[in-house]
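Asker: Structure in structure tokens, see below.
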């Protein structure tokens, strides 16, 4: 075989292998996930807090066409006294949930959520990078250090999800 043909074949094999690996990574997270735990570790003090308690509520969905949505809530959320929440009730409801959605991409152990809508307008239009680890039907997502929208402190969040079957 000619040297140029060999080099071309090797390059093609590497490119196809890389595309195949990315496709497999994307396929492995496709589906819906139930939140099992959510902790935030303060980067300064190393204090670990169980956000929304030991049994937070949450669903994360990744679709095969590159879309995602996330909803997290405190299981102790209280409904407003009337159909229209008072200002105090509305503020409490806002502080006891997180939700956003948009598109996503995966590169190795990194997933990037491209936020198109969010409960916190400051996140809309941003790219939120996360680190993922998948073991069977358990997905662990960690954030890089960031300022918590709930505590205002720099933290690293760890969310553990279980595939919904």
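Asker: Using 0.36 nm per residue of separation minus the Cα-Cα distance, give me the extension gain between residue 39 and residue 82 in nm, one decimal. Display every interim value, and only then the final one.
Answerer: Details: separation 43, 0.36 × 43 = 15.48 nm, distance 3.25 nm.
Taking residue 39 through residue 82 to full extension adds about 12.2 nm, to one decimal.
Asker: Which part of segment 98-123 falls in the paramagnetic zone of residue 65, meaning amide N under 15 Å from the point 7 Å along Cα-to-beta-carbon?
Answerer: Hits in segment 98-123 for residue 65 at 15 Å: 102-104.
Asker: Would you mind getting me the FRET efficiency between residue 160 and residue 90? Use the beta-carbon distance for r and R0 = 25 Å, nearest 0.05.
Answerer: On the way: r = 30 Å, r/R0 = 1.20.
Efficiency computed from Cβ-Cβ geometry: 0.25.
Asker: Could you line up 119, 161 from fewest to most neighbouring Cβ atoms inside 10 Å? Each step should come with its number before you reach the end.
Answerer: On the way: 119 16, 161 24.
Exposure proxy ranking, most exposed first: 119, 161.
Asker: Would you list 60, 134 from fewest to most Cβ contacts within 10 Å?
Answerer: Numbers: 60 21, 134 15.
In increasing order of surrounding Cβ atoms, one gets 134, 60.
Asker: Compute the semi-axes of the equivalent ellipsoid of segment 30-163, taking the square root of 5 times each eigenvalue of the Cα gyration tensor, and list them largest first in whole Å. Please list the in-between numbers first.
Answerer: Details: eigenvalues 116, 65, 47 Å².
Working from the Cα gyration tensor, I get semi-axes of 24, 18, 15 Å.
Asker: What's the exposure ranking of 141, 57, going from fewest to most Cβ atoms within 10 Å? The partial results should precede the final answer.
Answerer: Details: 141 21, 57 18.
The order, fewest Cβ neighbours first, is 57, 141.
No lab work stands behind these numbers, since they all come straight from the coordinates. Since this is a predicted model, take the numbers as computed values, not measurements. Cβ: placed from backbone, ideal geometry, glycine included. Neighbour counts: every protein chain shown.
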